[in-house]
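Pasting in a structure now, in structure tokens, and then I'll have a few things to ask.
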Amino acid sequence: MPWSRISGSVSSPQVDVVIDMGNPFLNLTLDGFLKIGTVAASRALAEDAYHIVRKGSISSNDFEKTLKKMCKEGAYWGAIAGVYVGTEYGVERIRGTRDWKNAFIGGAVTGAIVSAVNNNKKDKIAVDAITGAAIATAAEFINYIT
């Protein structure tokens with residue numbers, strides 16, 4: 001009886017772009033901006049591609065709208081990531097240790113800044129700071145598990 005075996009492995013793709021700004025803080029901030037900005041732009045592209053396929057046709061207006069959305073989403077989420085990464089790195093340098101507390105503080109500061117920039121009131125800024133801290137801390141704990 002014929003018998004065969006298939007073996008393989010799956011690994012996540014890794015893309016590293018290194019831009020040396022001459023300062024570790026700026027390097028990490030820019031790296032966060034570029035990586036998360038690219039993910040956000042890709043998500044916007046995929047979402048619009050889905051809607052175009054469902055519609056069944058594409059126009060130059062659709063293309064222009066998608067491109068603008070990609071740039072807007074990429075810049076927005078990239079800026080948030082840059083603020084978070086930069087804040088976490090700054091806290092790490094000030095405290096002199098690398099632990100979950102840096103992620104907690106970085107997330108809280110980033111959540112508060114993003115909320116304040118969006119002209120939210122004090123209560124909403126506090127809630128967004130707590131949310132940012134919780135998400136960043138949870139992500140840090142998940143990184144320790146894996």
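The values are calculated or read from the model by the stated rules, or taken from the named source; none is laboratory data. Fair warning: this is a prediction, and the values are worked out from it, not measured in the lab. Positions of Cβ are backbone-derived with ideal geometry, glycine not excepted, and every protein chain shown enters the neighbour counts.
So VAL53 ticks every box in (1) touching a helix residue (DSSP H, G or I) at 6+ places or on another chain (Cβ under 9 Å); (2) modelled with pLDDT under 95 but one. Which box is left unticked?
Failing condition for VAL53: (1).
Mind checking which residues of the range 36-56 are assigned to a helix (DSSP H, G or I), of a type outside the set (A, V, I, L, M) and surrounded by fewer than 17 Cβ atoms within 10 Å (Cβ to Cβ)?
Selection gives THR38, SER42, ARG43, GLU47, TYR50, HIS51, ARG54, LYS55.
With ALA133, ALA103 as the choices, which residue is surrounded by 15 or more Cβ atoms within 10 Å (Cβ to Cβ), within 19 Å of ASP31 (Cα to Cα), among the aliphatic types (A, V, I, L, M) and without any contact (Cβ under 8 Å) to a residue 60 or more places away in the chain?
Residue meeting the stated conditions: ALA103.
Pick from VAL127, VAL109: which is over 18 Å from the mean Cα position of the chain (by Cα), at pLDDT 95 or above, surrounded by 14 or more Cβ atoms within 10 Å (Cβ to Cβ) and not assigned by TED's automatic domain parsing to the domain that holds ALA41?
On inspection, the qualifying residue turns out to be VAL127.
Next question, about the same structure. Being of a type in the set (Asp, Glu), in the same structural domain as LEU34 (by TED's automatic domain parsing) and either more than 22 Å from PHE33 (Cα to Cα) or in a helix (DSSP H, G or I) (or both) is true for just one of GLU73, GLU92. Which residue is that?
On the way: GLU92 fails: in the same structural domain as LEU34 (by TED's automatic domain parsing).
Among GLU73, GLU92, only GLU73 is of a type in the set (Asp, Glu), in the same structural domain as LEU34 (by TED's automatic domain parsing) and either more than 22 Å from PHE33 (Cα to Cα) or in a helix (DSSP H, G or I) (or both).
Sticking with this one: Does ILE142 count as in a helix (DSSP H, G or I), at pLDDT below 95, β-branched (Val, Ile, Thr) and not assigned by TED's automatic domain parsing to the domain that holds LEU28? Give the derivation first.
Numbers: in a helix (DSSP H, G or I): yes; at pLDDT below 95: yes; β-branched (Val, Ile, Thr): yes; not assigned by TED's automatic domain parsing to the domain that holds LEU28: yes.
So ILE142 passes the test.
Further question: Among the candidates ILE19, ILE80, single out the residue that is aliphatic (A, V, I, L, M) and not in a helix (DSSP H, G or I). Even if it seems obvious, please write down each step before you answer.
Working: ILE80 fails: not in a helix (DSSP H, G or I).
Result: ILE19 is the single residue among ILE19, ILE80 that is aliphatic (A, V, I, L, M) and not in a helix (DSSP H, G or I).
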